[in-house]
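The structure appears right after this line, and notes come after that.
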Amino acid sequence: MTDIFAKHQGLREAYEGLTAASPRNPFEVVIERPISASVGIIEGRETLLFGTNNYLGLSQSKKAIEAAVETAETMGVGTTGSRIANGTFGLHRKLEAKLAEFFRRKHCMVFSTGYQANLGTISALVNKDDVLLLDADSHASIYDGAKLSGAQVIRFRHNDPVDLEKRLARLKDHTGAKLIIAEGIYSMTGNVAPLDKFVDIKTRHGAYLMADEAHSFGVLGAHGRGVAEMQGCEDGIDFVVGTFSKSLGTVGGYCVTNHDGVDLMRLCSRPYMFTASLPPEIIAATMAALEDMQARPELRTKLQENAARLHAGLQKVGLKTGEHVSPVVAVTLETVDQAVGFWNALLENGVYVNLSLPPATPDNRPLLRCSVMAAHSPEEIDRAVAVFGEVARHFGL
Amino acid sequence: MTDSVAGISGMIIEKLLANPKVPRDIDGNSKIVEDLAFDSLAVMNFVMEIEDELDVSVPLDKLADIRTINDLAGCLHTLKVAHA
Ligand SMILES: Cc1ncc(COP(=O)(O)O)c(C=O)c1O
């Protein structure tokens, strides 16, 4: 009998090598419980959380909590069905209308996760006769959606309009539809995409453009509509995809657009159809979080201040960060051993960040991915920076 | 030099040898993943470098069938001829 797990041998060796060298398993960190948006109990200690996606701190929104409790009490905790069968409650329609209005778009589809929003949107929009042009550093959900679609996939260099244009020019005789996909803020590095430049290019080459604003929704733009709003190019973006699992602090995903053609996506997008819809209390909490976000634009101002403080602080203690000031600040290190040692020392000193290892990082180097929240106090940021500085000195960096 | 499979293969090897981590004894029959220890991301990124040289784009599904340097050269050559 062929060992069904034999294919994992390479992974096993990499995993065992990594965990043997680390005092704790980096993939099995347990936050015993959060005690606020910015502090959680890890290994029995109060730990500053600098590795979440809770940019506005809304996972702890009072209004969202109350809405969830009240809805669970009146409607129960689940729908037990697909959106196209018994899984659409009035609340799902209401959230879709609210999001369409927020993004000033005609249509909105809500999915059960952001991952599925990408899978479901991409696989419904393109098929084997079409071409997808993906930023090389795209999130796994975009690559997986591309695979599910069966379309030809061409990567262009990260955030590089010139490279994108070159590749579109090579496709000038291609008869299928062309869909360009980029993110707003890149989750690992905090890099911001030049969506405005991509809009110019897609217009010249007769392509469509989709933006995944997972990390920029609620974070950038005067109203929180993301990088497209910030760069003033929303009209040129055909489809915006995103998630509730970051700035809104709940779970779920969406696609908004002005194209009427998406109506039929509800009947051909398999990741939309063949899974249970979001539970009512999640929808209610998401709506309340969205209202909270709209009512408190100061959260975005605070977030930007905090991002600048963390970015400047880490640079000042001599660490290598990206150039963009955004709520994701990645500290690049040279070797995996160094990154694992650094990450453990941070945690032992009360600071949790994300350890990101190749091949999940862009240029084959390990990253300590830090993310900042509106809910962090200046003292918490300074404390985290000080710990980073001490650990860096200890490691001779 | 890039208008035949052999020419493209030679160009790929030259580019690979510029990376000090690549074994010195590679040839057209070397397997990219096994012999060169490239992971899937490294393969995609390396292909991007050659794409510029030949002015073609290799769709990702084509990479799935490629094992050796000569396979890659053959694929690039086919794309180049189709594009010309
Ligand atoms: C760019 C991007 N798109 C999509 C997702 C998926 O979102 P979700 O966690 O809601 O499935 C993520 C986060 O994991 C992401 O970073």
**Asked** Does A:VAL199 satisfy the criteria of being β-branched (Val, Ile, Thr), away from the ligand (no atom under 16 Å from the Cβ) and touching a residue at least 24 places away in the same chain (Cβ under 8 Å)?
**Response** yes
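Conditions (1) within 14 Å of the chain's Cα centre (by Cα); (2) under 18 Å from B:VAL81 (Cα atoms), marked per residue:
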{"site": "B:SER4", "(1), (2)": "yes, yes"}
{"site": "B:ILE8", "(1), (2)": "yes, yes"}
{"site": "B:GLU14", "(1), (2)": "yes, no"}
{"site": "B:ASP25", "(1), (2)": "no, no"}
{"site": "B:VAL33", "(1), (2)": "yes, no"}
{"site": "B:ALA42", "(1), (2)": "yes, no"}
{"site": "B:PHE46", "(1), (2)": "yes, no"}
{"site": "B:GLU49", "(1), (2)": "yes, no"}
{"site": "B:ASP55", "(1), (2)": "yes, yes"}
**Request:** Could you list, in sequence order, all residues of the range A:142-163 that are within 16 Å of the ligand (Cβ to nearest atom) and surrounded by 24 or more Cβ atoms within 10 Å (Cβ to Cβ)?
**Result:** A:ILE142, A:GLY145, A:ALA146, A:ARG155
**Identity of the residue in the range B:28-48, charged (D, E, K, R) and over 14 Å from A:ASN364 (Cβ atoms), that ends up nearest to the other protein chains (Cβ to nearest Cβ)** = B:GLU34
**Asked** Does A:GLY224 qualify as being within 16 Å of the ligand (Cβ to nearest atom) and either touching a residue at least 60 places away in the same chain (Cβ under 8 Å) or buried (at least 24 other Cβ atoms within 10 Å of the Cβ) (or both)?
**Response** no
**Message:** Residue under question is A:ASP212, and the condition is that it be assigned by TED's automatic domain parsing to the domain that holds A:THR88, of a type in the set (Asp, Glu), away from the ligand (no atom under 15 Å from the Cβ) and closer than 19 Å to A:GLY184 by Cα; does it hold?
**Reply:** no
**Asked** Is it fair to say A:THR71 is of a type in the set (S, T, N, Q), in a helix (DSSP H, G or I) and without any contact (Cβ under 8 Å) to a residue 40 or more places away in the chain?
**Response** no
**Request:** Would you check if there is a residue in the range B:43-66 being more than 26 Å from A:ALA169 (Cα to Cα) and in contact with a strand residue (DSSP E or B) (Cβ under 8 Å, 6 or more places away or on another chain)?
**Result:** no
**Request:** Could you pull out the residue among A:GLU323, A:GLU334 that is modelled with pLDDT under 95, over 25 Å from A:LEU56 (Cβ atoms), surrounded by fewer than 17 Cβ atoms within 10 Å (Cβ to Cβ) and acidic (Asp, Glu)?
**Result:** A:GLU334
**Asked** Which is of a type outside the set (S, T, N, Q), in contact (Cβ under 8 Å) with a residue 12 or more places away in the chain and in a strand (DSSP E or B), of A:LEU368, A:LEU397?
**Response** A:LEU368
**Asked** Which condition does B:LEU79 not pass, out of (1) in contact with a Ser or Thr (Cβ under 9 Å, 6 or more places away or on another chain); (2) assigned to a helix (DSSP H, G or I); (3) away from chain A (no Cβ under 12 Å), if it passes all the others?
**Response** (3)
**Request:** Name the single residue, out of those in the range A:244-278 being aliphatic (A, V, I, L, M) and within 26 Å of A:SER216 (Cβ to Cβ), that is nearest to the ligand (Cβ to nearest atom).
**Result:** A:VAL251
**Prompt:** Can A:LYS62 be described as modelled with pLDDT of 95 or more, away from the ligand (no atom under 16 Å from the Cβ) and more than 21 Å from A:GLY120 (Cα to Cα)?
**Reply:** yes
**Request:** Considering only the range A:57-66, state which residues are crowded, with 19+ Cβ neighbours inside 10 Å and farther than 15 Å from A:VAL251 by Cβ.
**Result:** A:GLY57
**Fill in**
Among (1) crowded, with 18+ Cβ neighbours inside 10 Å; (2) farther than 27 Å from A:ASP160 by Cα, B:PHE38 falls short only on (2)
**Request:** Test B:ASP65 against the criterion of being within 9 Å of chain A (Cβ to nearest Cβ) and surrounded by fewer than 19 Cβ atoms within 10 Å (Cβ to Cβ), and give yes or no.
**Result:** no
**Prompt:** Restricting attention to the range A:178-193, does a residue exist that is surrounded by fewer than 20 Cβ atoms within 10 Å (Cβ to Cβ), at pLDDT 95 or above and more than 14 Å from every other protein chain (Cβ to nearest Cβ)?
**Reply:** no
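The values are calculated or read from the model by the stated rules, or taken from the named source; none is laboratory data. Every value quoted in this text rests on a predicted model; they were computed, and no experiment measured them. All Cβ positions, even for glycine, are placed from backbone atoms using ideal geometry, and neighbour counts span all protein chains on display.
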